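Taking it in order: structure first as structure tokens, then the write-up.
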Amino acid sequence: MWCEEISDEQWARLEPLLPPLMGRGRPYLAHRLIVSGIIWVLRTGAPWRDVPERFGKWTTVSSRYCRWTAQGVWQAIWASLQREGDRNGQLNWSMHFVDGTVVRAYQCAAGARGGQHKEALDRSRGGFSTKIHLRAEGHGKPMAFVLSGGEQHEAKFLARLLETGAVMRAGRGRPRLRPERLVGDKGYSYTSIRKYLHGRGIGITIPRRNDQGPDICFDAAVYKERNKIERLVGRLKHFRRIAIRYDKRASSYLGWLIVAAILLWL
């Protein structure tokens, strides 16, 4: 019953990071049932009403996902796992990778109050879509996400991506945010980006476009490591709720990305 959604080993690490079972009034239904139902929806992309009865009422599963998303619970869990990984030497700061990928938005994602542009939805060559901008650490685990409309260029969101996902270090001092080196594809090859990275002491492994002339300092061996973030994109899109956007609100879709990131960190 449990193994198809979350293993005992994963649950042992996740359970201490979840809110207490006691709510206002009667106690919550066991977290493991509800979290397993949320992961089931993440994997299958099914509507909330199709959640199997073994996970409890679909309304309970749905409301807890929405409540924890609004309260920042998923984000706090992800940050805790990153801190744990950093303390154990499992977080590689020597190089980080950046990339962007477009996902199609289903027709039910349209219609949010305030306009679709505010909800990271727009039309690109691929149709009605959202673009996920992501940063991964040196081992290929997700560090940060930023959402935009599908037609937006990756370079416009690099600064936001690098200013998101700070990790609290052990002891005193500010959270760590900047890697030693950033690896990206030609889509990030702009003079403004190179100046931005140089000004923050971040090494650059970004190939120049053909119209920019040769780059004698380009490290092809390091650039080959970029396949880690491409594989990360593939792993994220194994979750159907991410591969196709069904959510009207960007915050809800971002919540699914964070739940997937938690599973990958676990």
Average accessible area per residue (Å²) across the stretch 115-266 - probe 1.4 Å, nucleic acids and ligands excluded: 49
Reported label for calculated semi-axes √(5λ) of the Cα gyration tensor in Å given (1) 31, 25, 22; (2) 29, 19, 17; (3) 34, 23, 15: (3)
Residue farthest toward the positive end of the dipole of the chain, with Cβ of Lys/Arg at +1 and Asp/Glu at -1: which of GLY100, GLY45, VAL61? VAL61
Surface share of carbon and sulfur [accessible, 1.4 angstrom probe, percent] for the chain: 50
Ordered by number, the GluC sites (Glu not before Pro) in the stretch 72-176 that occupy a DSSP loop and have at most 16 other Cβ atoms within 10 Å are GLU151, GLU163
Expressed in angstrom and rounded, the centroid-to-centroid distance over alpha carbons for the stretch 235-266 and the stretch 163-216 is 25
Mind running the shape call on the stretch 39-104? Use the C-alpha gyration tensor, a ≥ b ≥ c as the square roots of the eigenvalues: rounded below 1.5 for a/c, prolate if a/b tops b/c, oblate otherwise. prolate
Filter the chain for me: DSSP H helices, axial length by Cα at least 15 angstrom, mean Kyte-Doolittle hydropathy not below -1.0. List them by residue number. 31-44, 58-71, 73-87, 250-265
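The values are calculated or read from the model by the stated rules, or taken from the named source; none is laboratory data. Keep in mind that this is a model prediction, so the values were computed, not measured. So basically every Cβ, Gly included, is an ideal-geometry build from the backbone, and we count neighbours across all protein chains shown. Remember, those area values only see protein heavy atoms, side chains included, never the ligands or the DNA or RNA. Shrake-Rupley method; radii C 1.70, N 1.55, O 1.52, S 1.80 Å.
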